[in-house]
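J.: Supplied in structure tokens, the structure appears directly below.
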Amino acid sequence: MCNHHASRHLKPRHLKSSATRRDVLRFTLGGLGLAALGPVAMRNMPVATGAPQNITRVLLINMIGGNDGLNTVIPRTLAEYYSRRPTIQIPAGQELMLTGGANSTSAIGLHPTMDQIRALWLEGSVAAVQRVGYPSENLSHFTSSDIYSQGVRNDFGSLGILPSGWIARYADLHAPTPMGAVAVGVGRPLDFVGGTSNPFLVQNLDGFEFQADPGNPNDQQHRLQVVQGVLSGFGGVGLSQEAKTALELGHQLTAQVQAAVSGFTTAVTFPTTNIGGFLRDAATLIEGGFETRLFYTGF
């Protein structure tokens, strides 16, 4: 049993009478906490190369609940910034000036704690996109969050697609393997819901392993070998064969992920915070050679 979805095992799970082939495989994997592998990706399992791959990646950090953008990227030459927020402004002169670098500007500054971001800005590695929104905005924080997560506003039908998150649709088209798009530490965001692929959703990489028997913790390796031996000797057909394949691939992926965790080396000191751990996990998968194109995390 994998413990990265441990809460799922607290509730009884039953197949509906109209269960499809996909439902059966999802049920089989879900009982082991491996639903992230998904039934439609059995022939697209990742094969870690043990070295970083030369592909472009996106790492998205969702500051869930909101972020004060005006105190992050400060419009220091805008008088209304100071007059309309007399108690929560960053006082003039305390912001970090963005002058003297590749993206030099005197119109804005950064929050005083963002000195490392400023250094990246001055070398041309950071940009800020201000006043991002959508027409006729909905003033509900939660509704707006859903709109951003789906990338569509109440009009899936005219687009000819089912309701889904933008990452789910991206994964279907460009990153269909389970490790093509990964979420760490944020559960299953709306961005990942829908589509036909099943991206990898994990609380943390250390927890993505088959649980040991608490009564016999030293027998774990033997237990895994026995299970894998049973699977390799099974010769079913149809759904039973596909379930067997799914479980075998689940063992392979678990082994690959844990090998990446144990072999991870870096000169970077990650903060001992939740977000620090999530970013370390993303770096671990990159160094481990997985084909992940999009990482999603947050705090």
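The values are calculated or read from the model by the stated rules, or taken from the named source; none is laboratory data. If you're wondering where the values come from, they're calculated on a predicted model, not measured in any experiment. Because the Cβ atoms are built from the backbone with ideal geometry, glycine has one as well, and the counts that use them run over all protein chains shown. Please note that ligands, DNA and RNA were not included when accessible areas were found on the heavy atoms of the full protein model with its side chains. Shrake-Rupley method; radii C 1.70, N 1.55, O 1.52, S 1.80 Å.
For every residue, the table says whether it meets (1) closer than 19 Å to LEU285 by Cβ; (2) at pLDDT 90 or above.
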residue	(1), (2)
GLY151	no, yes
SER158	no, no
GLY165	no, yes
TYR170	yes, yes
THR177	yes, no
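J.: Take ASP172 and tell me if it is among the acidic types (Asp, Glu) and either open to solvent by 40 Å² or more (accessible area, probe 1.4 Å) or within 23 Å of ALA260 (Cα to Cα) (or both).
T.: In short, yes.
J.: Related question: Those residues that are touching a residue at least 60 places away in the same chain (Cβ under 8 Å) and polar (S, T, N, Q), I need them from segment 270-299; list them, please. First the steps, then the outcome.
T.: Start the filter on segment 270-299 by keeping residues that are touching a residue at least 60 places away in the same chain (Cβ under 8 Å), which leaves 274-275, 277-279, 281-282, 284-299.
Within segment 270-299, ASN274, THR284, THR292, THR297 qualify.
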